[in-house]
Amino acid sequence: MNHEAAVSNAKDIADRVLAPAARQNDKEGRFSSEAIKAFGPAGLLGLMLPADIGGSALGPRTFAAIVSALAEADASVAMVYLMHICAAATIAAARNGATVAPTLKEIAAGRHLSTLAFSETGSRSHFWAPVSRARRNAAGVHITAKKSFVTSAGQADSYVVSALAPQGADPTDSTIYLIPRDARGLSVAGAWDGLGSRANASAPMILEDCEVSDGSRLTDDGAGFQAMLQVVLPLFNLGSAAVALGICRAAVVGTAAHLKNARFEHLGQSLGESLPTARAQLATMQIDTDGLAARIDDLIDHLERPRDTTVLRVLESKAAAGDTAISVTSVAMRICGGAAFAKHMAIERLFRDAHAGAVMAPTGDVLREFIGKAVLGMPLF
Ligand SMILES: Cc1cc2nc3c(=O)[nH]c(=O)nc-3n(C[C@H](O)[C@H](O)[C@H](O)COP(=O)(O)OP(=O)(O)OC[C@H]3O[C@@H](n4cnc5c(N)ncnc54)[C@H](O)[C@@H]3O)c2cc1C
């Protein structure tokens with residue numbers, strides 16, 4: 001499968017499966033298993049996995065285009081997909097000796113959804129510092145942990161889980177493990193009823209003395225932090241920015257449609273014809289959306305051809321995207337007035353979904369902290 005075919009498959013699923021159900025799934029907080037069923041045969045679950053295990057070996061450009069197309073129809077599903085791709089990349093980058101081939105083959109065959117379970121109740125958004133610690137035994141380790149939010153909780157076939165290494169001395173000395181959905185001691189610890197991203201089952205999960213074999217240890221002990229920064233962070237930040245772009249594009253389309261269709265009958269004009277201020281604000285939304293698209297293209301270029309500024313671009317992209325999505329959807333709420341407020345249209349869902357990206361770790365605030373330190377030449381951690 002090449003770039004064009006993958007993006008076309010994603011757009012087809014977005015139109016056929018995601019868009020018609022997005023409103024109801026949001027209302028009910030219902031996870032779209034139909035979307036996951038559609039991703040498998042379309043070759044999207046193994047998108048970035050190597051060809052020798054059946055993946056499509058496609059890169060960040062295709063990933064970003066797919067995520068933004070999905071998010072335009074349903075940002076909750078786009079987030080599920082983004083988490084899966086980050087988890088799959090972490091599994092694919094596993095240390096020699098990890099027994100991950102069967103899982104990778106299942107993902108490549110489109111039969112396995114995975115996700116990240118990093119954030120903990122104890123360290124909150126500081127996902128790089130798990131407070132849970134694995135305890136070693138003869139067969140592997142036991143993990144007891146409270147994971148505060150896990151996208152696709154109870155829906156994924158496996159979980160990529162962090163915990164402090166058994167002998168870890170620093171807060172970042174973590175190890176990453178692959179835990180199957182049916183592992184004893186693993187459970188969903190509550191329902192997900194969020195303000196936005198309502199249809200992606202981002203519930204808390206608990207690991208209660210969960211036994212993990214050594215073959216399921218994805219990183220060397222203490223090397224989880226490097227995997228988070230080198231494997232997960234670039235993809236997660238790019239994907240989050242792409243979700244934000246999809247939300248912005250949908251907000252522009254929805255707002256333009258409203259300005260064309262809603263009318264002042266007493267004036268014989270549509271809102272768009274009648275209100276120069278609304279046209280100017282729509283223009284601002286368009287400018288910001290295209291600016292975000294250009295920023296994402298620039299990040300992709302930096303990931304394809306890494307250079308000195310790549311880390312900075314990775315950090316900046318998610319911080320900027322979160323702000324842009326909130327700003328563009330806020331303007332949309334204002335222009336579309338009571339119609340948006342009364343939930344006659346998708347704008348208010350986009351507005352709520354836009355706020356999820358900024359609070360997902362690394363949050364916009366934390367990214368600013370890192371960027372400021374990087375510009376000043378200070379160590380980030
Ligand atoms: C919809 C959704 C899905 C999620 N899915 C997953 C998932 O699949 N896997 C996963 O591991 N996690 C997931 N998370 C968790 C997410 O990544 C964050 O860990 C979580 O949102 C942080 O919330 P908190 O209340 O714990 O933040 P807190 O850490 O309590 O932060 C509160 C505020 O303080 C700010 N802050 C914190 N530290 C600093 C700092 N050093 N400098 C400046 N400001 C700071 C934050 O920006 C925030 O505004 C998800 C979250 C959401 C909302």
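The values are calculated or read from the model by the stated rules, or taken from the named source; none is laboratory data. On a predicted model such as this, the values are computed, not experimentally measured, just so you know. Positions of Cβ are generated from backbone atoms using ideal geometry, with glycine treated the same way; all protein chains shown enter the neighbour counts. All accessible areas refer to the heavy atoms of the entire protein, side chains included, with ligands and DNA or RNA removed. Shrake-Rupley method; radii C 1.70, N 1.55, O 1.52, S 1.80 Å.
List of remarks:
- For segment 71-79, putting each phi into the Karplus relation 6.51 cos²θ - 1.76 cosθ + 1.60 with θ = phi - 60° gives couplings of 5, 4, 8, 7, 5, 4, 5, 4, 5 Hz, in residue order, rounded to whole numbers and with x for Gly and Pro.
- Point-to-point label distance, Leu275-Ala191, nm (Cα→Cβ direction, 7 Å offset): 3.6 nm
- Each peptide in 187-199, 35-47 was scored by the mean count of other Cβ atoms within 10 Å over its residues; highest first, the order is 35-47, 187-199.
- Net lengthening on full extension, Thr121/Glu208 (0.36 nm per residue, minus Cα-Cα): 29.9 nm
- Cβ-defined net charge surrounding Gly97, 14 Å radius [Lys, Arg +1; Asp, Glu -1]: -1
- Folded to 0 to 90 degrees: helix 310-341 orientation relative to the chain principal axis, Cα: 40 degrees
- Among Ile296, Ile66, Ile53, residue whose mean-square fluctuation peaks in a GNM of the chain (springs only between Cα atoms under 10 Å): Ile53
- Arg133 long-range amide H proximity, modeled H, under 5 Å: Thr144, Leu164
- Inter-label distance for Lys27 and His344, nm, one decimal - labels placed 7 Å from Cα along Cα-to-Cβ: 1.7 nm
- Computed helical MRE - 222 nm, the chain, DSSP H runs ≥ 4 contributing -39500 (n - 2.57), nearest 500: -16500 deg cm²/dmol
- With θ taken as phi - 60° and the Karplus curve 6.51 cos²θ - 1.76 cosθ + 1.60 applied, the whole-hertz 3J(HN,Hα) list for segment 49-60 is 6, x, 5, 5, 10, x, x, 9, 6, 8, x, x Hz, x standing for glycine and proline.
- Charge context of Ala250, other residues only, Cβ under 15 angstrom, K/R +1, D/E -1: -3
- Accessible-area composition of segment 190-344, carbon plus sulfur, in percent [1.4 Å probe]: 56 percent
- Share of carbon and sulfur in the accessible heavy-atom surface of segment 62-105 [1.4 Å probe, %]: 53 percent
- Angstrom value of the Kirkwood radius, inverse mean 1/r, which spans all Cα pairs in the chain: 21.2 Å
- Normalised per residue, the accessible area of the chain is 42 Å², obtained with a 1.4 Å probe and no contribution from ligands, DNA or RNA.
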